[in-house]
Every structure is written in C-alpha cells, then in structure tokens.
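First the structure, in the form of structure tokens, and then the observations on it.
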Amino acid sequence: MSTHFLSSTPQELQRSMDDLNRKMQEQEAQVQARSLSLPYIDLHSFPVDLSVLGIFTEEEAKEMGAVPFYKDLTDLRIGTTHPQHALLLEKVAELSKKNKVSLYFISKMSLAQTLRFYSKVVRLKAVTEEVVRVEKQQDYKPILKNLQSEDEQKKLSATQLLEIVFGASMAYKSSDIHLEPEEHFVKLRFRVDGVLQDILHISTALHRPIITRVKILSKLKLNVENVPQDGRITFYYLGKPIDVRISTLPSAYGEELVMRLLGTGAVNLKLKDLGFRPEAQSIVDKALQKPHGMIITTGPTGSGKTTTLYAFLNELNEPGVKIITLEDPVEYKLEGIVQTPIDHSVDFNFAKGLRAILRQDPDIVMVGEIRDQETAETAMQAALTGHMVLSTLHTNDAAGAIPRLLNMGIKPFVVAPALSIVMAQRLVRKLCQSCKKEAKLAPHVLEKITFLLNKLPKSANIALPKIFQFYHSEGCEKCGGVGYLGRIGVYEVLENTESVQKLILAENTSMAEFKKTAVAQGMVTMVQDGLLKALEGITDVEEVFRVAGEG
C-alpha cells in the first residue's frame, strides 16, 4: 500500500475513494454514449445555467433522468441518462419547435450533482405551455377505430393521445374518463349517461407516459405510485376551458386513472329542465321562495344532486342577493356567486368553512355535503336564523334523511322548524326518440307496474290512462346503437308539513312512518315518478327498475 494512503486522514481517504468512483462512472458513461451515438459531457465542472435548468421542473428532471444545462439563443443542450424516455422525447419534440435541441449522455453522478442545483432555481414560466388543447370538432369514431392498432398508437405522443381522449369524451358527452391497466393492455372507458362504455384498448407501453403527462398537468407527485392522489387540470375544447378532476389509484398492473369532466352542462341548467312533475315542482318552488329554511337533496354518488343544487342556485341568483357555496371540489363555476373550495391539506373542512362563510353575511348558503354532526348542526342553526341553506345527504330516499339527521345528534326541536323540504333523486337514461317504438312487457312485469301505479296518492291528482303503453329503443346511428340519449331525473319530494313536524318532535319515529305520512300528503315515490315518465315514452321500464329499484 502506498505511503500516501497510509498517511491520509479518514476524510481524505473518503474523498480519494469518491473521486476514483466518479472517474470510473464517467468512463463508463463515455462508453455508453459511444454505443448510443450521442455526445458525452461531464457536468461536474461545467457551469450549468440555472435559468435554463428551470425549463424542466425538478420532478420532471428526476422522472426523465434529464437536465437542461446550456442555452445560447436557439441552441439548447440537455444532458440525460435515459435518452429514450417517452416524456423526454415528447419534451424535446415540443422544445424543437423553437430551438435546436441537442441531447448529451451524462453519468448518474453528473445528474445527481446537477439536480442539487434545483434548490437555487427560480422556476421560470414554462417554455412550453402545459395545457392540452382540442382545436377542432371532428368525428372520433374513425379515429378511435384506427387507434385499435398498436402501431398507430405508437406514432402518437402522450399529449396527442390525451387530445384525442379529451376530444372524444366531449363528442360522446361523457362525464368520466377511466384508464384501467390490465395484464396485456390498458382499457379506456367513458361513462356516458351514467353507464361505462368500452372505447379503446391502449398499449401497455403508453400507460406510464400518459399517467406521467396527466400528473405533470395536475401537479401530482411523479415518483409516488403506491398511494392514491387527487388533482385537477384544465383543458381547452374549441377554446372553452373544461375543468377535470383527477384521481389516481394503485392497482395490480399500475396506476388506475379516473378523470371527471366538470362544468360540461349544468351551469345554465334551469329548474324546469330537471324533470319535476307539476305537483313536485310547486312544492320546490314554494320552498325556494321562502327567505330561510333548509333544502336537502339525497341520493348516491352520481345521482345528480349537485346538478340539482346548481339549478336551484341559478333560480335564486339575483341582484341584491349574496350567495356563498362551500364545495369539495368546486364542480361548476357560476357567475355572481362566491364559491369556496374545501382544502383538507390545511384542515379547512365543511364545518370550519361553514362557520367562516356565515360571518360573511350571506343570504343563501350551499354546503356541498353534510358529513358530520358539527356541519349539520351549524347548517340547521343557519336555516333557523334567517338564511336559506341548500345541501346534500347520503340516504336512499327522502324519508330516510330525517332519521339520519336525528341519529347524527341534531335535536328534534332544531330539525322540525329548520327543514323546508327533503328530496331524493336518481338519474334515468332517456330513450332515443329517433328509434323509440312500442314495447310489449311480460305479464308479471305489467302486474308489478299496475300495483305500483295504483298506489299513487289520490291527493297527487294524477290521471292514469286506461291502457298502459310502454316503449323501448333498439338503437340507431343517432344514439350510437345504445338506444338512449341523455338523462333525466326521477324524484320524490317530502314537504315538511305540520304532520311531519309532529313525527319529528315525537322522537324515535321510524323511517316507514315518515314515508307513510309523506305519501298520505301526496308524495309520489321515485319509482312511481319513473314509471310515469316511462308511460310518457321518456324512458323505459327496465331503466326505471335498474336505477330507482322496484318500489
């Protein structure tokens, strides 16, 4: 052993070993660069331009194994350990529109050292705008058919594929986009009128680039794949911004992605378009005309509760009225209304948010959802002290909402005077009017329908036809062979009358007793409302029983 090493301190010895290791890595990188026919550079002694480094975010640089290190006019140079990374190639293609981009091979130690400079980088405005734009309306059926071929898919970048996916989702009028990885392919599905439809099988090779691109757009963590993440992006469809709620979930074959398209139809929805029957409409109108009181709409996820509340807000939104909403997240943006998003990262929940917005002197408050006693109690007290409060609750029917509130710990003497109406709702698909035709039902189905419709309350004043005629749609070109086009609500509206208030104050009243009283005072149930719409040819019997149950 040399006398130099024997006389060295531990620190000097470590530095010598590090230096030797670095030289070996750089020699190895030089060999790899030659095999890839790329120029090589050692960034350890190169003066990296920090403003150029800011072209990529730190997460992008780590994900791609690439760092921009030099720029002079239009000459841009990027060092990389992974020159074939899909996202890097996409970035290079974008940057090449305005620059001459050169890739250099670098060692992992060069990359690691340069990544440390990110703590000093002031992130400049991105050289390429991080946004997806669908510029023109087109027929997506032949485009998607062409993309059944993996070879055709490989010709597209992740951004180009996302443009097609977003454009097709708008053309199909879908509410959600699902990307579900399986063993041999990734399934793309759209939720159209509440039902998932298979659209395309995407190559597994494109799965990671698409997920990475969506994560970058929604500012999610690229290196986190084993826990769910939630985010939000905006894309532009024919110049109009469309907000998208992003949710990722780990699965056996990679991350599953669900993208919910927000604000694509309910912003200008009017109360008369929701599908209320005249008798229910008059009860709702009366509740909306009151200066205070609570209106609750119930139903499972995807039953259109938020859309109904927004239609109410559109009706109530007038000059001289202050409306504040509390939402998780803000689904549609409404002009003239203060909309406040819940932020769990800073412990800003419904209960805290509601207390805060009540100090803002609103006339009308919309609380996205009642989830706990504190929120329910504050909302009820607000309804008692001169505010109109709109909210949602997860129960199966209107009668179930009152026992649920009481079980949450709200006092009967608070619920009884505070509540105006409770609604329950579902969304049924509307028959395509182009291919609708008369349908013959099985005798036992007709018997069940007759039994349910004969139970309609007399006070509802609904005249039934002597002969029941129902309809069905086989599917045509206009509805894409599905047989349905659009959706409409089926409702039941429980008015908090004096009789209902007595039941609330009596305590321990069962859900069945609330329902019995509601029906006695004229409430048409959801399944009855659906069957009446089926009689009118708006929907079919199968759809009513699928969505609203069988009574």
Quiz item: How much length is gained on full extension from Lys437 to Ser510, taking 0.36 nm per residue of separation minus their Cα-Cα distance?
Solution: 22.0 nm
Self-check item: Semi-axis lengths (Å, descending) of the ellipsoid that matches the C-alpha gyration tensor of the chain
Solution: 58, 30, 20
Exercise. Normalise the Debye intensity by I(0) for the stretch 254-376, one equal point scatterer per Cα, no solvent, then take log10 at q = 0.18 Å⁻¹ and round to two decimals.
Key: -1.09
Self-check item: Cα-based Kirkwood hydrodynamic radius, the stretch 394-449, one decimal, Å
Solution: 15.3 Å
Quiz item: Going from most exposed to least, what order do Tyr332, Tyr140, Tyr236 have by accessible area with a 1.4 Å probe?
Solution: Tyr236, Tyr332, Tyr140
Practice problem: Treating the Cα atoms of the stretch 163-318 as identical point scatterers in vacuum, please give the log10 of the normalised Debye intensity I(q)/I(0) at q = 0.19, 0.20, 0.21 Å⁻¹, two decimals. | Solution: -1.18, -1.26, -1.35
Self-check item: Size of the stretch 133-172 as Cα extents on the principal axes (Å, biggest first)
Solution: 25, 19, 13
Quiz item: At a Förster radius of 30 Å, what calculated FRET efficiency corresponds to the Cβ-Cβ distance of His201 and Glu542, to the nearest 0.05?
Solution: 0.55
Quiz item: Against the longest alpha carbon principal axis of the chain, how many degrees, from 0 to 90 and to the nearest 10, is the axis of helix 526-535 turned?
Solution: 80 degrees
Quiz item: Short version: what are the Cα gyration tensor semi-axes of the stretch 399-551, square root of 5 times each eigenvalue, largest first, in whole Å?
Solution: 35, 17, 12
Quiz item: So if R0 is 25 Å, what FRET efficiency would Gln11 and Arg116 give, r being the distance between their Cβ atoms, rounded to the nearest 0.05?
Solution: 0.80
Quiz item: Carbon and sulfur: what percent of the chain's accessible surface (1.4 Å probe)?
Solution: 52 percent
Exercise. Subtracting the Cα-Cα distance from 0.36 nm times the residue separation, let me have the gained length for Lys286 to Leu156 in nm, one decimal.
Key: 41.3 nm
Exercise. Tabulate in residue order the Karplus-calculated ³J(HN,Hα) for the stretch 453-464, using 6.51 cos²θ - 1.76 cosθ + 1.60 with θ = phi - 60°, rounded to whole Hz; enter x for Gly and Pro.
Key: 6, 6, 8, 4, x, 4, 5, 6, 6, 9, 8, 8
Exercise. Can you tell me the FRET efficiency between Glu447 and Thr497 if r is taken as the Cβ-Cβ distance and R0 is 41 Å, rounded to the nearest 0.05?
Key: 0.80
Practice problem: With runs of 4+ DSSP H residues as the only contributors, calculate the mean residue ellipticity of the chain at 222 nm using -39,500 (n - 2.57) per run, divided by the residue total and rounded to the nearest 500. | Solution: -11000 deg cm²/dmol
Quiz prompt | At 1.306 mPa s and 10 °C, Stokes D of the stretch 65-122 from Kirkwood alpha-carbon radius, µm² per second | solution = 134 µm²/s
Quiz item: Given 20 °C and 1.002 mPa s, how large is the Stokes-Einstein diffusion coefficient of the stretch 9-112 in µm²/s, with Rh as the Kirkwood radius over Cα pairs?
Solution: 148 µm²/s
Exercise. For the stretch 199-254, divide the Cα radius of gyration by the Kirkwood radius and give the resulting Rg/Rh value with two decimals.
Key: 1.00
Practice problem: Leaving out ligands and nucleic acids, note down the accessible area per residue over the stretch 15-145 with a 1.4 angstrom probe, in whole Å². | Solution: 58 Å²
Practice problem: Would you mind counting up the charge near Ser102? Only other residues with Cβ under 10 Å from its Cβ, with Lys and Arg at +1 and Asp and Glu at -1. | Solution: +1
Quiz item: Once both labels are modelled 7 Å past Cα along the beta-carbon direction, what's the Lys23-Asn396 spacing in nm?
Solution: 7.8 nm
Quiz prompt | Computed log₁₀ I(q)/I(0) - Debye formula, equal Cα scatterers, no solvent, the stretch 257-327, q 0.17 Å⁻¹ | solution = -0.74
Practice problem: Give the percent of DSSP beta bridges with both residues in the chain that are antiparallel, rounded to the nearest 5. | Solution: 65 percent
Quiz item: How do Val500, Val547 stack up against each other in accessible area, from largest to smallest, with a 1.4 angstrom probe?
Solution: Val547, Val500
Exercise. Show the residues, 5+ positions off or on another chain, whose built amide H is closer than 5 Å to the amide H of Met366.
Key: Ile324, Thr325, Leu326, Leu390
Self-check item: Kirkwood-Stokes translational diffusion coefficient of the stretch 134-214, alpha-carbon pairs, 10 °C, 1.306 mPa s, µm²/s
Solution: 124 µm²/s
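The values are calculated or read from the model by the stated rules, or taken from the named source; none is laboratory data. Since we're looking at a predicted model, the values are computed, not measured. Methodologically, a virtual Cβ is constructed for each residue, glycine included, from the backbone with ideal geometry; neighbour enumeration extends over all protein chains shown. Heavy atoms of the whole protein, side chains included, go into the accessibility calculation; ligands, DNA and RNA do not. Shrake-Rupley method; radii C 1.70, N 1.55, O 1.52, S 1.80 Å.
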